[in-house]
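Take a look at the structure below.
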Amino acid sequence: MQSFALDTIFILISLSSLSVVVSSSKPLNPCNGDFLHIQAYKQMQNQTNTTQCKKLSSLQAQFAWNYHKTSHNQTQLNILIGTKLITTTGWLAWGINPDLPRMVGTRAIIAVKVPNQITPSVNTYNITKDIQLGCRLQPSGIDFMVQNTTVVDDKDVGFFYVFSTLVLPQRYNVSSLNHVWQVGYCVDGLEPKMHEASLGNLDSKEVLNLETGDCQNIGQHRRHMRKVHGILNIIGWGTLLPIGVIVARYFKQFPIKLDPCWYYFHYSCQVVGYILGTAGWGLGLFLGHESKYYTFHSHRVLGICIFGFTTLQVTQILAFQFKPTQEDEYRKHWNVYHHFLGYALLVMIPVNIYKGIKLLKPDNITWKWTYNGILVLLGVVVLAFEIVTWVVFLYKKCCKKTVEESRRVEIEEDNKGQTNEGSSPRKNEVQE
């Protein structure tokens, strides 16, 4: 059974890795109609027919660009980025990183939108490690020229967008450009404050080939790993462990006794569920390590507690020599301890799974309804067995009461008969 579980884990992870490799270089995902009606985009198309446009993978952002080489062997890049920033306050950022596809080290253009301001402000910024740790973000010069920057809050098409012309030195490779984008909703004066720590913000980076439009989506790798993490934990901890509890509760003695088959099935569900859940938990730790600036504390702490509790439970199942016998005086305390951990897990596991699903918004509807369906199915099974349990219990109690009443009547009748038999000889003696 353990070998089967390990094979299953290997197949799931292999398929996920294959899908990551296949999707690592994604073709252009065209922009939608609203973005194409922006005036700046029309002007870019009029300038050259090589303008390309694509939907970015997160934050509802869309991106258009064209470029050409200058006489000094530099690259003149025209960019247009926009998103649905419908709040009265917020900011939109786009930048490129000469080293890696990440936020730290990015040379960024950030446009800030505040109430009662006719034209949003825009500046260039160097994003350093100190900024991610909470230091103030101040405008600064960057290592390439930025020209003709305009910012528009176009309420007609519902887009807040930035257009700019960049002159890039040779160190920036147009066939493998690390570009990053962000959206935030908190502003202090004209200073952009920290954006949300959501998965969409974490995934807003990719490596783009300006010539072909193909991209290597860094966030796509994490999304595939999150899917494997979620599937393993929902199947292992969220489904198999509760099934093991149901088997132990309803098939051990009452209402249906399947001894010793119940124990083997209970053991199998717990061990396989533990293996799958632990694999998903380890993958979650890896994802957390990869995004150290974005830690989801409650989800992480609950995951560690679940792993600890399930480890204790499975250790008790595997370590037969430490399990008290039925006659042992400590068996009662062992049962209380074992049942407490089991029912605590039944509460913590769904809570943490829902916390994980919530992190996936806005792409979490399928996950939510799938797990809702699993819980409803398990709940219906438990309710059916509870009804059967109470029906059998009340029936047996009623039968027992009827039998006891019948015995009492029989005993009373026997006593009366013995009394009558004992008094008859005395009456005969008196008559004589």
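Name the residues whose placed amide hydrogens come within less than 5 Å of the amide hydrogen of residue 75, ignoring near sequence neighbours (fewer than 5 apart) on the same chain.
Sorted by chain and number, the residues that satisfy this are 70, 168.
Residue by residue through the range 348-360, which ³J(HN,Hα) values in whole Hz follow from phi under the Karplus form 6.51 cos²θ - 1.76 cosθ + 1.60 (θ = phi - 60°), with glycine and proline marked x?
For the range 348-360, the Karplus-derived couplings read 5, 4, x, 4, 6, 5, 5, 5, x, 5, 4, 5, 7 Hz, x marking Gly and Pro.
Past the 24 angstrom mark, what percentage of all C-alpha to C-alpha distances in the range 61-173 do you count?
The proportion of pairs with Cα distances above 24 Å equals 28 percent.
Using C-alpha positions alone, give me the convex hull volume of the range 208-249 per residue in cubic angstrom.
Taking only Cα atoms, the range 208-249 has a hull volume of 38 Å³ per residue.
Along the range 296-312, what does the Karplus equation 6.51 cos²θ - 1.76 cosθ + 1.60 (θ = phi - 60°) give for ³J(HN,Hα), rounded to whole Hz, x for Gly and Pro?
After applying 6.51 cos²θ - 1.76 cosθ + 1.60, I find 9, 4, 5, 5, 5, 5, 4, x, 5, 5, 4, 4, x, 5, 5, 4, 4 Hz.
Using a cut-off of 9 Å between beta-carbons, work out the net charge of the residues near residue 62 (Lys and Arg +1, Asp and Glu -1, residue 62 not included).
In short, +1.
Run the numbers for residue 340 and residue 315: contour at 0.36 nm per residue of separation, minus the present Cα-Cα distance, in nm.
Roughly 7.5 nm would be gained on extension.
Residue 209 to residue 135: FRET efficiency via 1/(1 + (r/R0)^6), r the Cβ-Cβ distance, R0 25 Å, to the nearest 0.05?
0.15
With θ taken as phi - 60° and the coefficients 6.51, -1.76 and 1.60, list the Karplus ³J(HN,Hα) couplings across the range 123-132 in order, rounded to whole Hz; mark glycine and proline as x.
My calculation for the range 123-132 gives 8, 9, 9, 9, 8, 9, 4, 4, 5, 5 Hz in order.
Using amide H atoms built in the peptide plane, which far-off residues or other-chain residues are under 5 Å from residue 140 H to H?
124, 125, 126
Under a 5 Å amide H to amide H cut-off, with H placed in plane at 1.01 Å, what residues pair with residue 85 once short-range neighbours are removed?
Under 5 Å from the amide H of residue 85: 160.
Every number in this text was worked out from the coordinates using simple rules, so none of it is lab data. Just so you know, these numbers come straight off a predicted model, no measurement behind them. Quick reminder, even Gly has a Cβ in these numbers, built from the backbone with ideal geometry, and neighbours come from all protein chains shown.
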